[in-house]
Each structure stands twice: as structure tokens, then as C-alpha cells.
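Scroll down for the structure; my scribbles are underneath it.
Bear in mind these aren't lab numbers, they're just calculated from the coordinates by the rules spelled out. All values reported here derive from a predicted model rather than from experimental measurement. Please note: Cβ atoms are built from the backbone with ideal geometry, for glycine as well, and neighbour counts cover all protein chains shown.
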Amino acid sequence: MKKIIVFVLLSFIIAGCQQQKEEPKSKPPYPAGPIQTQDTLKPAQEAVKADPKNMNAWIQLGNISMDTARFNEAIDAYQKALELDPKNVDVRVDMGTCYRNSGKADIAVKEYRKALEINPNHAYGHLNLAVVLASDFKDKAQAIKEFEKYLQLAPNAQNAEQIRQEIQRLKTSK
């Protein structure tokens, strides 16, 4: 039962991370919000074909691919965006999440850490890193540090109470 509760909690945390990104500097020419169908992939794919240097189009293609659970395609699109802007922390964090969701938690940790080298105050970089450290690597001590850093950066976050509970659970579990 405990594992189910932890899984559900971590799922909510990850979902929250994906939905609460920092705003991009310029808005892409696509609708915002969760994408429910794969029909929106085609315009994004056409946009990157038409202008391979359009970073926002690559990001949008990555976001749509991630939202439709096409994690390897999202990784490819995010890598193209990072070729154009290697310091884009939001893209790097999203790419880390895609790596984790495709079974490559070790690479996800590397991407989160790269993002945090660029911006040590990126709350969701800390949160995502904490989730992977806790659930995939069972590194409670480091996960607690990352969760605490997240709460320091986002003390009034919608999931703050859940995170505090997770920290307590990690501290008291064997």
C-alpha cells in the first residue's frame, strides 16, 4: 500500500512539473496547454521542416511529443532545440523527464544536474531530480536535499504539503 501511495504522489509531482514551466521568452505559434491528440504533431513537424533553426518550433514539437508519450521523439526535438540554445534550462529539464519516462533514469539525472549548473535556482529541476533520486535510485539523503531546495525556492507551491510529507516519509523509512 505504501508503494502505491508513493507512486501516486510522485506521479502528481511529475505531472505538476510538466505543467508549471517557466514562460518561454517568445510564444510559439501553437496553442498552449496540454495536448490531447497526436493530430497536433503534424503542424509542429512541418514547422521544423520549414525552419530548422526555429527553436520554438523544436520546443513545441518536443512538448507535443512528450504530452503524447512519444518520449524518444521528444528527446530528439529537445536536443535540436538545445543545439540552438544549450542554456535553455526548461528544455533540459523536460528532456530529463523524457529520459526518465523512457527508462533512462541515469541520463535524466545528468540532464537535471546540467540544468541546475546553468540555473541553480530552477525549482522544478530540483524537484524532478529529487523524484528520480528517491524513486529510481533510492538515494534518500540526496532526494531529501533536493526536495528541501525545491521548497526553499517554491515555499508556496501547490504541491508543497505533499513534498513535506514525502520528505517526512523518506526520513522515517528504512
Scanning segment 100-144 for residues that are basic (Lys, Arg) and touching a Leu at 6+ places or on another chain (Cβ under 9 Å), which turns out surrounded by the most Cβ atoms within 10 Å (Cβ to Cβ)? Lys140
Picked from segment 67-102 (must be under 12 Å from the mean Cα position of the chain (by Cα) and of a type in the set (Val, Ile, Thr)), the residue nearest to Ala57 (Cα to Cα) is Val91
Working only within segment 103-139, note down all residues that are under 13 Å from the mean Cα position of the chain (by Cα), among the small types (Gly, Ala, Ser) and farther than 23 Å from Asp85 by Cα. Ala105, Ala130
Considering only segment 81-174, give the helices (runs of 4 or more DSSP H) lying wholly within it that have at least 3 residues that are touching a residue at least 60 places away in the same chain (Cβ under 8 Å) and closer than 30 Å to Lys49 by Cβ. 89-101
Sort out which residues of segment 145-161 are surrounded by 15 or more Cβ atoms within 10 Å (Cβ to Cβ) and more than 18 Å from Pro120 (Cβ to Cβ), and write them in order of number. Asn159
